[in-house]
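**Q** Below is one structure. I have some questions about it.
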Amino acid sequence: MDREPTAYLFSPKQAERERNLVKKQQRKTTMTPSDKKRNRKKHPRKSAGDHYDTASYRRAIKYGIAQLDKHGREVNFLYTYYDPNCLHRITS
């Protein structure tokens, strides 16, 4: 395991890093020189956090459900109206 025992289990920052690495590996064309030279912002207004809060966790679950629905997978009705503060509804 590559994380500290006290670290959060799910990290948006790590997920974004892994997602970008996969996109880079699956790229079919090489990057143009101008893309390589592009300067990244030193202090962007928005960036992925170290952990999910209630709202970001809800958005991530909602996005996942939308992706399943988009690809024609059947989604359980309980999960379509997901609220992270009410996990007991799903487990009961």
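Quick note: the coordinates plus some simple rules give every number you see, no bench work behind them. The structure presented is a predicted model; accordingly, all values stated were derived computationally and were not measured. Every residue, glycine among them, receives a Cβ derived from its backbone with ideal geometry; neighbour counts consider all protein chains shown.
**Q** I'd like to compare 15-23, 37-45, 53-61: which one has the highest average count of other Cβ atoms within 10 Å, and what's the full order after that?
**A** Per-residue Cβ counts within 10 Å, averaged per peptide and sorted highest first, yield 53-61, 15-23, 37-45.
**Q** Moving on to the next point. For each pair in Lys36/Lys70; Lys41/Lys70; Lys37/Lys70; Lys42/Lys70; Lys23/Lys70; Lys13/Lys37, compute the distance between the two Cα atoms and list the pairs where it is over 31 Å. It would help to have the intermediate numbers written out before the result.
**A** Values: Lys36/Lys70 33 Å; Lys41/Lys70 33 Å; Lys37/Lys70 36 Å; Lys42/Lys70 35 Å; Lys23/Lys70 20 Å; Lys13/Lys37 23 Å.
In this structure, Lys36/Lys70; Lys41/Lys70; Lys37/Lys70; Lys42/Lys70 lie more than 31 Å apart at Cα.
**Q** Could you compute the net charge surrounding Pro12? Neighbours are other residues with a C-beta less than 12 Å from the C-beta of Pro12; K and R count +1, D and E count -1.
**A** Around Pro12, the surrounding residues sum to +1.
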